[in-house]
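See structure below.
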Amino acid sequence: MFRRTVAVALTAVAALAVAACGSNEVPASSTAGPAGTVTVFAAASLTGAFTQLGKDFEAAHPGVKVVFNFAGSSALAQQINSGAPADVFASAAPKNMDQVTGKGTATTFVKNKLEIAVPKGNPGKVTGLKDFADKDKKIAVCAVQVPCGAAAKKVFDATGIVAQPDSLEQDVKAALTKVSLGEVDAALVYKTDVLAAKSKVEGIEFPEADKAINDYPIATLTKAKNPDGAKAFVDYVLSAQGKAVLTAAGFDAP
């Protein structure tokens, strides 16, 4: 009786072992998702869309925290090169991405183009790009060092318009703020910024904008403190869910 009991027990153990070997289950350690804090440096024009993407990403990965630093792409590139801790960089132009040392492979994830923003009611009676050469109008554009400023210069050069700006802003959000406060008659910003501002400003499309369409690249950084989280966030931005948020914000597909 004792021998029979031992034999049955050994047979059961062997069966369990075989079942385990044939199982398709992946060890828990290899299925673990991102964790900790993911620090993302992103162009100011991505503020609205990336804030939403951050919330969605956190909801999809409980316990993960996404921290953003939004500013002009040129300023962000300088901060990264000076040692500022960042896991991901999303730039409003390839030029600023190229300036960053220690970046992974960059992927263009959206495109954007300029639009004229005017205060509600358009008190300055702005009708198009030619008004940016009118010295009697108060005008704001981005500094040429930042992508929105470089795009504006490209449009002005292509059309022969000599702009007469009253202020040069360090990022597109600053230019848009001047419009929403009524401090200027018009500013050149991105169409996504006009859309995000909703009832605060009005937008005027102009055909010359097609002469300066910006590509937006995104990349993980080789010195990222959270490389797994960085990769997961970039993958999320490039996913169908991420594209849906970016399209709703007014960005065009690359």
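Helical content of the chain, expressed as a calculated mean residue ellipticity at 222 nm, amounts to -12000 deg cm²/dmol (DSSP H runs of 4 or more residues, -39,500 (n - 2.57) each, divided by residue number, nearest 500). Summed over the residues of the chain and divided among them, the accessible surface reaches 51 Å² per residue at a probe radius of 1.4 Å.
Across q = 0.21, 0.22 Å⁻¹, region 114-211 modelled as identical point scatterers on its alpha-carbon atoms has Debye log10 I(q)/I(0) values of -0.98, -1.09, in the order of the q list.
Taken over the chain, the percentage of Cα pairs per 5 Å bin, counting from 0 up to the bin with the maximum distance, is 1, 6, 12, 15, 15, 12, 9, 7, 5, 3, 2, 2, 2, 2, 2, 1, 1, 1, 1, 0, 0, 0. Proximity of backbone amide H atoms, modeled 1.01 Å from N, is registered between E115 and V189, Y190, K191 at under 5 Å, excluding neighbours fewer than 5 places apart on the same chain. Between P94, P227, P62, the residue with the greatest mean-square fluctuation in the GNM of the chain (Cα pairs under 10 Å linked by springs) is P62. What residues from region 208-223 fall in the zone where the backbone N is under 20 Å from a label point 7 Å along the Cα-to-C-beta line of T247? Only 214-218 fall inside the zone, counting backbone N under 20 Å. Overall, the accessible surface of region 114-211 at a probe of 1.4 angstrom is composed of carbon and sulfur to the extent of 50 percent.
The values are calculated or read from the model by the stated rules, or taken from the named source; none is laboratory data. Quantities reported herein were computed from a predicted structural model and do not represent experimental measurements. Every residue, glycine among them, receives a Cβ derived from its backbone with ideal geometry; neighbour counts consider all protein chains shown. These accessible areas exclude ligands, DNA and RNA; they are computed on the full protein's heavy atoms, side chains included. Shrake-Rupley method; radii C 1.70, N 1.55, O 1.52, S 1.80 Å.
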